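Working notes for the structure below.
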Amino acid sequence: MSLDVSPALLEQAERGEVDEAEFVDCVRTSLPYAWEMISSLVAQLKVDGDQFADNQTPPPDEQARGQLLRALASDAIRGALQRHFGVRLAFQNCHRVAVFPLDDSVDETLARFTSVRSQVLNQSPEFRDC
């Protein structure tokens, strides 16, 4: 799934400068499932005050799964989302998105979440082809 880039945003890119707020808005409208997932996790993190908030529910369909993969596999999109929401994003399997605050006190928790060990422990036969 590609982003739905407006002619104005494309023109900005062709000139050399892209307004990040406009790029983030493009991501929001192009990848609504991914946007809603991340937005809700950021809200949950703020309300709960935990070290991180994550989603463990698989997407409802392949289109939604594709949006998550697109948002989190692209360095530009992921970075823009992290800056916009003021969080660090982590990703496991094909749907487990997590948001961590920028606070250094959660670095160890983030390192555990993104470790090879955690990746192995979070495997499941139903995720084999996701």
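Here are the numbers:
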read-out: Backbone HN-Hα couplings from phi across region 3-9 [Karplus 6.51/-1.76/1.60, Hz, Gly and Pro as x]; value: 6, 8, 7, 6, x, 5, 5
read-out: Solvent-accessible area of ARG65 with every protein chain in place, 1.4 Å probe, in Å² to the nearest 10; value: 30 Å²
read-out: Shape of region 28-84, Cα gyration tensor, a/c cut at 1.5; value: oblate
read-out: For region 23-86: accessible area per residue (Å², 1.4 Å); value: 51 Å²
read-out: Separation between Cα centres of region 55-74 and region 1-53, rounded to whole Å; value: 14 Å
read-out: Listed residue (SER39, ALA53, LEU68) projecting farthest to the positive dipole end of region 35-116, Cβ model; value: LEU68
read-out: Apportionment of accessible area to carbon and sulfur, region 7-70, percent (1.4 Å); value: 51 percent
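The values are calculated or read from the model by the stated rules, or taken from the named source; none is laboratory data. What you see is a predicted model; the values in this text were computed from it and never measured. Backbone-built Cβ (ideal geometry, glycine too); neighbour counts: all protein chains shown. These accessible areas exclude ligands, DNA and RNA; they are computed on the full protein's heavy atoms, side chains included. Shrake-Rupley method; radii C 1.70, N 1.55, O 1.52, S 1.80 Å.
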